[in-house]
Amino acid sequence: MKSFSKLVYPYIVWMMVMIIAPMLMIVLYAFTVKGNSVLTFQFTIGNFLRFFQDAIFPSVLWRSLKMAFVTTFICIAIGYPAAYFMAKQKPNSAAMMVLLITLPTWINMLVRTYAWKGILSRTGIGAEARVYVGMVYNFLPFMILQVYTALSKIDPSLIIAAHDLGANDRQTFLKVTLPLSLSGVVSGITLVFLPAVSSFFIPKLLGGGQYVLIGNLIEDYFISTGDWNFGSAISLIMAIIILISMYVTRKLDKETETDD
């Protein structure tokens, strides 16, 4: 057993190099500014004050959160009925539907977004609507698959028992199916909201530069402007928001498991 435990060492090194070290660099840059000839850098909270004192940056953050919330809501509204329909099919038919849903994800997301750019450019719809289309298209499969997995795990005998006790289809769905599938909904929310709130190339490509989200700000300050200190501060703010979101969804997931 001890010999097998040594196999984890490469993963620990990988985490240190690829995750922990970059995060420490971001924290360092976020709390520092360029120094003078004596000090290479100086510690400060000015980068964070700059973000909240300028009305533009909080408005972009709010726009990103709104975009993520609306995208997640649309994915639930479309994904749950689709997953419910799939769960009602025979195993072979359901497996084919799962394949059809996952098939587009085999293609790189950037390529798929470029394809939608060509399609939507001929429609004349606004930049915001184009971004929503791209967001929902790219993240909807994650919601469908998570909900479908939860629905497919429900014991059919529970549905039969509900009908035997006099419940109609609507009552059975509200009292049995929906509560037992909430864990899949919560997992789907996690997989949709978190990447949606930090997405940068979907609004950049489909919004045509007219719809800027927080991910675009981070990209601009790191690549175009070269202000890594302020870009790191924005990244750290986003990291905190994402951690809070993960904590909330995890609490919701635990509550649904307790109710089950």
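Here are the numbers for this structure:
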read-out: Any hit, segment 49-63, residues being surrounded by 15 or more Cβ atoms within 10 Å (Cβ to Cβ) and β-branched (Val, Ile, Thr); value: yes
read-out: Tabulated pairs, segment 212-227, first farther than 20 Å from residue 242 by Cβ, second in a helix (DSSP H, G or I), C-beta under 6 angstrom, 6+ apart or interchain; value: 227/221
read-out: Test set (1) touching a Phe, Trp or Tyr at 6+ places or on another chain (Cβ under 8 Å); (2) at pLDDT 90 or above; (3) farther than 29 Å from residue 177 by Cα; (4) of a type in the set (A, V, I, L, M) - residue 127 fails condition number; value: (2)
read-out: Residue 110 being open to solvent by 50 Å² or more (accessible area, probe 1.4 Å), over 15 Å from residue 205 (Cβ atoms) and in a helix (DSSP H, G or I); value: no
read-out: Where residue 93 falls short, out of the listed (1) exposed (fewer than 13 other Cβ atoms within 10 Å of the Cβ); (2) under 24 Å from the mean Cα position of the chain (by Cα); value: (2)
read-out: Per-region count, segment 145-167, residues within 25 Å of the chain's Cα centre (by Cα), of a type in the set (A, V, I, L, M, F, W, C) and open to solvent by 30 Å² or more (accessible area, probe 1.4 Å); value: 1
read-out: Hits in segment 189-220 - residues which are in a helix (DSSP H, G or I), open to solvent by less than 20 Å² (accessible area, probe 1.4 Å) and within 21 Å of residue 111 (Cβ to Cβ); value: 192, 196, 202, 203, 206, 215, 216
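Rundown of residues vs (1) part of a helix (DSSP H, G or I); (2) buried (at least 17 other Cβ atoms within 10 Å of the Cβ), yes/no style:
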{"site": "81", "(1), (2)": "yes, no"}
{"site": "102", "(1), (2)": "yes, no"}
{"site": "115", "(1), (2)": "yes, no"}
{"site": "118", "(1), (2)": "yes, no"}
{"site": "123", "(1), (2)": "no, no"}
{"site": "136", "(1), (2)": "yes, yes"}
{"site": "143", "(1), (2)": "yes, yes"}
{"site": "175", "(1), (2)": "yes, no"}
{"site": "184", "(1), (2)": "yes, yes"}
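The values are calculated or read from the model by the stated rules, or taken from the named source; none is laboratory data. Worth saying up front: this structure is predicted, and the values here are computed from it rather than measured. Note that we place each Cβ from the backbone using ideal geometry, even for glycine, and neighbour counts take in every protein chain shown. Calculation scope for accessible area: heavy atoms of the full protein, side chains included, ligands and nucleic acids excluded. Shrake-Rupley method; radii C 1.70, N 1.55, O 1.52, S 1.80 Å.
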